[in-house]
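Undergrad: Mind looking over this structure? Questions follow.
The values are calculated or read from the model by the stated rules, or taken from the named source; none is laboratory data. This is a predicted model, so every value here is computed, not measured. Positions of Cβ are backbone-derived with ideal geometry, glycine not excepted, and every protein chain shown enters the neighbour counts.
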Amino acid sequence: MAASDLAILADVKTWLAGSSGIGSTDDALLSRLITDVSGAITAYLGRPSLTPRTLTERLDGNGRMRLFLSHYPVLQISSLAIDNVAIPAAAPPATGAPHPLGYLLEPWDGLPPGRPQALDLFELSFRRGRQNVVAAYSAGYAVEGEGATVPGAPGPYNVSVGAPFGPWASDAGVTYADGVALTAVAGTPDAGQYNVSSGVYGFAAADAGTVVLLSYGFIPAAINNACIEWVAERYRYRTRIGQSAQTVAGQQTASYSLKDIPDFIRASLDPYRSVVVG
């Protein structure tokens, strides 16, 4: 499975199974189709990644007090500079009080598909210039701080993510309820450590009964389903290459779409296409 895949082989095979089932003969073919279709979807959406990643972006100053970053949903701004001058973050003011000097990001509501978020300046402006605004930030679909309790003895001490908006795709860290971070390990965890595979987090017996907060990237369900269905469509297409219709026993005619992207796939993806805001 490639890191950029938007679906897993088991889900595609479940979709294809029907009443006749599907074996493992074509696993390599289906895996290749998943990777190919995932790339096509990413290109169509105009997004380099759907899961959280760190980005550094240079933008043209517009002389105004607001601009929009290219990638969303934005999770956090690490730094902002204008004409090589660092700009501080401005905490939201108390009710009725003026905004303090600095920048403030419009928060994401946590729900996909999301939209471009405003980055506002107070007592300043994005001075006009070519690539004179540099923003470092993290963006991508993520659940942050999902609460869970590590099971008690005798174990196993595993927690599965809730994944309310789509399947787990990447780990973004675990903390205790007080904010102290746990360390990710590949092997068996000790106290204060965890491991993770496919959305299942494993902990040490020493942490049994402890409340933890899980953060992770996810693939929005609509995109995940679109990938599964498009792969299935391409897989079935090989038995009817170039056919737009087929008559069975001279009585029943089946019609097939030959569009580059099936309409039902496009309808699922369009709300997630990257939108450029001036």
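Undergrad: Is one or more of the residues making up the range 245-263 modelled with pLDDT of 90 or more and within 22 Å of the chain's Cα centre (by Cα)?
TA: No - not one qualifying residue is present in the range 245-263.
Undergrad: Let me confirm something: among S38, S31, S49, S4, which residue is closer than 18 Å to V275 by Cα, of a type in the set (S, T, N, Q) and surrounded by 14 or more Cβ atoms within 10 Å (Cβ to Cβ)?
TA: Numbers: S38 fails: closer than 18 Å to V275 by Cα; S31 fails: closer than 18 Å to V275 by Cα; S4 fails: closer than 18 Å to V275 by Cα.
Every option except S49 fails the conditions.
Undergrad: Which numbered condition in (1) within 16 Å of the chain's Cα centre (by Cα); (2) exposed (fewer than 14 other Cβ atoms within 10 Å of the Cβ); (3) in a loop (DSSP other than H, G, I, E, B); (4) not aliphatic (A, V, I, L, M) is the only one that T25 fails?
TA: (1)
Undergrad: If you don't mind, there's one more thing I want to ask. Here are L59, L67, L105: which of them is surrounded by 15 or more Cβ atoms within 10 Å (Cβ to Cβ) and touching a Phe, Trp or Tyr at 6+ places or on another chain (Cβ under 7 Å)?
TA: Working: L59 fails: touching a Phe, Trp or Tyr at 6+ places or on another chain (Cβ under 7 Å); L105 fails: touching a Phe, Trp or Tyr at 6+ places or on another chain (Cβ under 7 Å).
Testing whether each residue is surrounded by 15 or more Cβ atoms within 10 Å (Cβ to Cβ) and touching a Phe, Trp or Tyr at 6+ places or on another chain (Cβ under 7 Å) leaves just L67.
Undergrad: Six or more apart or on different chains, Cβ atoms under 9 Å: show the pairs whose first residue is in the range 214-235 and closer than 18 Å to V161 by Cβ and in contact (Cβ under 8 Å) with a residue 60 or more places away in the chain and whose second is part of a helix (DSSP H, G or I) and of a type in the set (D, E).
TA: That search, which allows pairs on different chains as well, returns N224/D11.
Undergrad: Can you name every one of the strands (runs of 3 or more DSSP E) wholly within the range 104-176 that holds 2 or more residues which are of a type outside the set (S, T, N, Q) and in contact with a strand residue (DSSP E or B) (Cβ under 6 Å, 6 or more places away or on another chain)?
TA: 118-122, 129-139, 142-149, 168-176
Undergrad: Tell me yes or no: at least one residue of the range 91-104 is in contact with a Gly (Cβ under 6 Å, 6 or more places away or on another chain) and not β-branched (V, I, T).
TA: no
Undergrad: Of G140, G187, which residue is out of contact with any Cys (no Cβ under 7 Å at 6 or more places or on another chain) and in contact (Cβ under 8 Å) with a residue 40 or more places away in the chain?
TA: G140
Undergrad: Hey, any hits in the range 118-137 for a residue that's in contact with a Pro (Cβ under 6 Å, 6 or more places away or on another chain) and free of Cβ contacts under 8 Å to residues at least 60 places away in the same chain?
TA: no
Undergrad: Same structure, new question: Quick one: L214 ticks every box in (1) surrounded by 12 or more Cβ atoms within 10 Å (Cβ to Cβ); (2) under 21 Å from S4 (Cβ atoms) except a single one, so which number is it?
TA: The failed condition is (2).
Undergrad: Looking at (1) of a type outside the set (S, T, N, Q); (2) closer than 30 Å to A135 by Cβ; (3) at pLDDT below 95, which one does I41 not meet, given that it meets all the others?
TA: Failing condition for I41: (3).
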